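Working notes, structure below.
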Amino acid sequence: MKTKILYVERKPSAEAVSIEKVFRQIAESLSSREFATFFRQLPYPNDALGTLKNLFFYSNEKADVYHITGHVHYIALVLPVEKTVLTIHDVGILRIRSGLRRYVLKKLLFDLPIKKLKYITAVSETTKNEIIYYTKCEAEKIRVIENPLQKHFHAPDKKIFNSEFPTILQIGTTANKNLYNLIKALEGIPCQLNIVGELADDIVNFLKEKRIIYANKSNLGNNEIREEYANADIVTFCSTFEGFGLPIIEAQAMLTPVVTSDISPLREVAGEKAAAFADPFDRESIRRSILRVINDENYRKNLVECGVENIKKYQPEKIAFLYENLYREIAQEKLSG
């Protein structure tokens with residue numbers, strides 16, 4: 001009989017889909033002879049009222065393993081301790097909240113679920129270390145399993161690089177994506193900035209003030225996102241903090257040079273020689289890295305070649321294998337217990 005894995009997800013929304021795509025790729029890559037996978041979205045959003053409704057009205061569905069995929073950590077409080085895995089992608093919310101709201105979120109999303117559950121995964125060593133720092137839990141309780149590259153990101157060849165007027169692709173528009181510093185860095189560089197994600201009015205005004213030629217798209221499907229990477233000359237991902245950094249390996253798979261932040265975990269995800277690194281808090285550092293990619297053909301080609309090597313460690317089958325071992329451990333412990 002197959003082991004039934006039930007992935008528990010947040011309520012779907014137009015802009016919050018990256019985690020969901022990641023775990024569908026993992027599920028697809030598991031052994032179909034050994035595992036049967038199912039997905040269940042919580043019925044209510046993650047606002048205060050929705051969280052309470054999710055906790056009080058969640059009806060448990062029978063499964064051998066429950067896997068909370070992220071952002072709804074609190075649902076662990078109503079799932080069985082011995083059969084539930086919680087994946088934590090980052091602790092960014094603790095950086096941007098304060099006061100009573102932060103206290104409540106920390107309890108609901110981190111302290112209580114981590115204290116209750118036996119099985120916790122983090123998507124990077126950086127995220128693991130931050131979880132330990134904020135919750136004081138034992139390091140042995142958290143195992144690191146990184147995110148996989150989705151299979152639709154691949155490119156047999158690449159368009160000729162436009163060094164005269166490059167297209168620069170930025171994925172994401174939340175505060176940590178550091179758009180203000182990127183825009184400042186691009187001022188005066190002949191280019192077009194393509195931004196994927198919802199743009200606030202202040203960012204639009206700043207783009208106009210700095211006379212940046214730009215295009216903006218959101219709610220893109222897999223093929224549309226892939227086309228954005230294919231058409232880009234450079235991908236920028238100069239975030240101030242991240243839990244992992246999927247756009248880096250997606251760009252590398254699409255043979256597109258990457259400029260990213262010289263911080264963990266982005267340096268580790270990108271590979272030491274497979275991206276141009278910049279200080280995300282220094283617009284001149286970002287500018288220098290972008291200009292080097294534009295002007296130095298050999299450097300640019302080396303980044304792409306090293307990127308192709310780097311993504312091998314993020315192939316879905318390798319990541320799925322790690323989850324298979326975890327799921328077997330849980331299922332066997334249940335039988336022995």
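Lys and Arg at +1, Asp and Glu at -1: add these up for the other residues within a Cβ distance under 13 Å of ILE189 and post the number.
In short, +3.
What trypsin sites (Lys or Arg not before Pro) in segment 105-184 are in a loop by DSSP, with at most 11 other Cβ atoms within 10 Å of the Cβ?
Of the trypsin sites (Lys or Arg not before Pro), the ones in loops of segment 105-184 whose Cβ has at most 11 other Cβ atoms within 10 Å are LYS136.
What residue among ASN223, TYR314, PHE277 has its Cα farthest toward the positive end of the dipole of segment 167-314, where the charges are +1 on Lys, Arg and -1 on Asp, Glu, each on the Cβ?
Of ASN223, TYR314, PHE277, it is PHE277.
Restricting to Cα pairs below 8 Å that are 6+ residues apart, what does the relative contact order work out to for segment 167-314? Please round to a whole percent.
Result for segment 167-314 is 23 percent.
Run through every distinct alpha carbon pair of segment 120-186 and return the Kirkwood hydrodynamic radius in angstroms, one decimal place. Before the final figure, lay out each step's value.
Numbers: mean 1/r = 0.0621 Å⁻¹.
The answer is 16.1 Å.
Which order, highest average first, do 193-203, 22-32 follow once you tally other Cβ atoms within 10 Å for each residue and take the mean per peptide?
Put in order of decreasing packing, that is 22-32, 193-203.
Taking the beta-carbon count within 10 Å as an exposure proxy, list MET1, MET254 from fewest neighbours to most.
Ordered from fewest to most neighbouring Cβ atoms within 10 Å, MET1, MET254 come out as MET1, MET254.
Could you list which residues have their amide H under 5 Å from that of THR37, counting only those 5 or more apart in sequence or on another chain, with H placed in the peptide plane?
ILE5
Over every pair of different alpha-carbon atoms in segment 167-314, take the mean of 1/r and invert it; report that Kirkwood radius in Å.
For segment 167-314, the Kirkwood estimate is 15.0 Å.
Provide the net charge surrounding ALA278, with neighbours chosen by a C-beta distance below 12 Å and charges set as Lys +1, Arg +1, Asp -1, Glu -1.
+1
Top mean-square fluctuation among PRO247, PRO156, PRO43, Gaussian network model of the chain, C-alpha springs under 10 Å?
PRO156
What does the net charge come to around MET254 if you take all other residues with beta carbon closer than 10 Å to its beta carbon, with K and R at +1 and D and E at -1?
Numbers: positive: LYS158, ARG226; negative: GLU227, GLU228, GLU250.
Cβ neighbours under 10 Å give a net charge of -1.
Taking the chain as a Gaussian network, where each spring joins two C-alpha atoms under 10 Å apart, which residue of ARG288, ARG101, ARG40 fluctuates the most?
Most flexible of the set in this elastic network: ARG101.
GNM, the chain, Cα, under 10 Å: largest mean-square fluctuation among SER261, SER59, SER285?
So, out of SER261, SER59, SER285, the one fluctuating most is SER59.
Of the options ILE249, TYR214, ILE203, report the single residue whose Cα projects farthest towards the positive end of the charge dipole of segment 167-314 (beta-carbon charges: Lys, Arg +1; Asp, Glu -1).
TYR214
Could you work out the relative contact order of the chain? I mean the mean sequence separation of Cα pairs under 8 Å and 6+ apart, divided by the number of residues, in percent.
Working: 605 pairs, mean separation 55.7, N = 337.
Computed value for the chain: 17 percent relative contact order.
On alpha-carbon atoms, Rg over Rh for segment 19-73 using Kirkwood Rh?
The Rg/Rh ratio comes out at 1.02.
Readers should treat all values here as calculations from the given coordinates under stated rules, not as data from a laboratory. What you see is a predicted model, and the numbers here were worked out from it, not measured in a lab. Counting neighbours? That spans all protein chains shown, and the Cβs are built from the backbone with ideal geometry, glycine included.
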